[in-house]
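Taking it in order: structure first as structure tokens, then the write-up.
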There are 2 protein chains.
Amino acid sequence: MNSLTEENYLKTLFVLANESGEVNVIDLSKRLNIKMPTVTSMMKKLAVKKLVHYESYKPLRLTERGKKEAGIIIRKHRLTEMFLVQVMNFGWEEVHEIAEQLEHTHSPDFFEKMDEMLGYPKIDPHGSPIPDKNGKIEWKKYSKLSNCRVGEALKLTAVIDSSEEFLKFLNSRELKLGLKVKVKSIEPFDGTMVISYGKKLNETLSQTVTKRLLGELIQG
Amino acid sequence: MNSLTEENYLKTLFVLANESGEVNVIDLSKRLNIKMPTVTSMMKKLAVKKLVHYESYKPLRLTERGKKEAGIIIRKHRLTEMFLVQVMNFGWEEVHEIAEQLEHTHSPDFFEKMDEMLGYPKIDPHGSPIPDKNGKIEWKKYSKLSNCRVGEALKLTAVIDSSEEFLKFLNSRELKLGLKVKVKSIEPFDGTMVISYGKKLNETLSQTVTKRLLGELIQG
DNA sequence: TAATTTTGTTAGATGAATCTAATTTAGTAG
DNA sequence: CTACTAAATTAGATTCATCTAACAAAATTA
């Protein structure tokens with residue numbers, strides 16, 4: 001059995017690897033808000049438990065077992081988020097923090113029941129895929145809004161950031177998953193975009209925002 | 001903010017005080033499966049935090065603040081049990097272990113929502129009172145089945161033990177809260193009772209069991 | 001390639017929660 | 001009242017997760 005702390009390292013390692021390929025000690029350190037020497041020693045510990053491959057000065061890699069265990073934690077997190085939104089009527093901006101705590105619950109039955117009540121969902125309220133019971137994830141290849149060109153249209157399918165602040169911002173602009181957004185113009189200097197969607201014909205979004213919005217390109 | 005460990009000491013202290021009045025180091029030690037010296041040092045720590053009154057060799061007592069915090073943890077535990085049974089369709093024998101974990105979730109909203117969905121219940125699935133938001137509990141004075149005499153009848157309202165094993169035993173005899181049970185005979189040697197209820201006319205229950213069943217006497 | 005910066009590791013300390021062994025206090029039984 | 005037993009405390013060790021300071025390796029820049 002892994003400790004809560006170990007679970008957080010595994011999960012973060014998994015997430016970072018999927019965000020950016022190679023994960024270094026400093027990346028984990030920053031994401032977890034934990035100093036590098038602490039990360040190094042935890043990596044050694046997890047290596048002994050055969051959850052990570054660890055070699056000094058090399059990028060950090062989860063073993064197959066590590067990936068599976070991390071995937072299961074992420075599954076629990078995302079199922080919980082879905083449950084909070086669908087069953088308990090929370091807003092998508094409220095659920096991340098709560099799921100961060102509930103994901104460490106050790107009770108297969110609890111998550112089994114959630115999954116059943118939700119009808120075996122494949123994605124969470126932020127559009128992220130829910131790993132299966134073996135921790136395996138099916139990745140979709142979405143485009144970032146920030147990479148779109150003028151005239152292109154995107155159907156929003158996921159957000160990259162589930163923080164309350166970001167989602168509240170999206171709420172304030174009535175931006176939600178499923179919307180079709182069209183790029184009207186891009187400021188070359190800083191990448192700020194003007195987009196239209198729904199009833200909004202001229203919303204301006206900074207690159208900080210457009211980099212966090214994913215979707216499927218719509219031809220036409 | 002109290003640690004998970006501290007929360008468990010507070011909760012157990014509260015429960016033991018309500019079970020048996022005075023609580024000694026050894027009682028807490030046994031209930032928590034933690035050695036006495038560890039309990040002593042935790043009591044000193046909680047005393048510094050003004051959660052318990054601690055004096056060497058004296059019984060352990062929660063302060064008002066300690067009672068409030070403990071009550072709130074118990075509230076979270078019992079609301080969770082109710083939620084698991086009512087909303088998620090778990091059996092009453094399955095929920096204790098899960099609630100034991102979820103009770104440490106720090107999110108007023110989460111429990112607020114549960115409470116609302118459940119219609120502000122006053123008792124949990126085992127008949128125990130749910131403390132209010134200030135941790136205050138309203139105790140009912142129930143009778144133990146083990147204290148009843150031949151010919152008396154009891155409406156079952158609560159169980160004293162929420163363990164899976166005990167509740168599975170009750171399930172196997174179709175014993176549930178709300179039932180009216182009548183004492184048909186008592187073996188003087190060991191207190192074993194023969195009772196009738198529902199369609200069962202001759203069920204034999206050991207004192208181990210009858211001591212754990214509470215109810216209201218029915219005059220008849 | 002040499003100098004500098006960034007990244008990573010080693011060594012050693014700290015605090016929380018636990019333990020065992022030894023000692024002390026309180027309660028009980030002669 | 002003394003002796004014994006049970007309960008509680010003190011002292012000191014251990015493990016986990018963390019830190020800071022110092023050093024080493026790798027990467028980058030000049």
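B:F110 - would you say it is surrounded by 15 or more Cβ atoms within 10 Å (Cβ to Cβ), in contact with a helix residue (DSSP H, G or I) (Cβ under 9 Å, 6 or more places away or on another chain), without any contact (Cβ under 8 Å) to a residue 24 or more places away in the chain and among the aromatic types (F, W, Y)? Taking the combined requirement at face value, the residue satisfies it. For A:L51, the criteria (1) on the phi > 0 side of the Ramachandran plot; (2) crowded, with 21+ Cβ neighbours inside 10 Å hold in every case but one, which is (1). All of B:T157, B:T105 fail the test of being without any contact (Cβ under 8 Å) to a residue 40 or more places away in the chain, of a type in the set (S, T, N, Q) and surrounded by 14 or more Cβ atoms within 10 Å (Cβ to Cβ), apart from B:T105. Return yes or no: is B:E174 of a type in the set (D, E, K, R), in a loop (DSSP other than H, G, I, E, B) and closer than 30 Å to B:G66 by Cβ? In short, no. Quick check on B:K68: is it of a type in the set (K, R) and under 20 Å from the mean Cα position of the chain (by Cα)? Yes; evaluated as a whole, the condition is true for this residue. State the number of residues belonging to the range A:99-142 that are more than 10 Å from chain B (Cβ to nearest Cβ), among the aromatic types (F, W, Y) and part of a helix (DSSP H, G or I). Of the residues in that region, 1 qualify. The single condition from (1) under 24 Å from A:E100 (Cα atoms); (2) within 18 Å of the chain's Cα centre (by Cα) that A:N134 fails is (2). One residue stands out among those in the range A:44-58 that are out of contact with any strand residue (DSSP E or B) (no Cβ under 6 Å at 6 or more places or on another chain) and of a type outside the set (D, E, K, R): the one that is farthest from DNA strand C (Cβ to nearest atom), which is A:L51. Annotation note: of A:E138, A:E203, A:E187, the sole residue that is surrounded by 15 or more Cβ atoms within 10 Å (Cβ to Cβ) and farther than 20 Å from A:V85 by Cα is A:E203. Scan the range A:199-219 for residues that are in contact with a Lys or Arg (Cβ under 9 Å, 6 or more places away or on another chain) and of a type in the set (G, A, S) and report the count. So the count comes out to 1.
Residues that are under 20 Å from the mean Cα position of the chain (by Cα) and within 14 Å of chain B (Cβ to nearest Cβ) do occur in the range A:159-177, at least one of them. Residues in the range A:90-141 that are among the aromatic types (F, W, Y) and at pLDDT 95 or above: A:F90, A:W92, A:F110, A:F111, A:Y120. A Cβ distance below 7 Å, combined with a sequence gap of six or more or placement on separate chains, defines the contacts here; from the range B:15-35, residues that are in contact (Cβ under 8 Å) with a residue 24 or more places away in the chain reach residues that are within 11 Å of DNA strand C (Cβ to nearest atom) and assigned to a loop (DSSP other than H, G, I, E, B) in the pairs B:E22/B:P59; B:V23/B:P59; B:N24/B:P59.
The values are calculated or read from the model by the stated rules, or taken from the named source; none is laboratory data. Quick caveat, the model's predicted, so the values are computed rather than measured. FYI the Cβ positions are ideal-geometry reconstructions off the backbone, even for glycines, and counts take in every protein chain you see.
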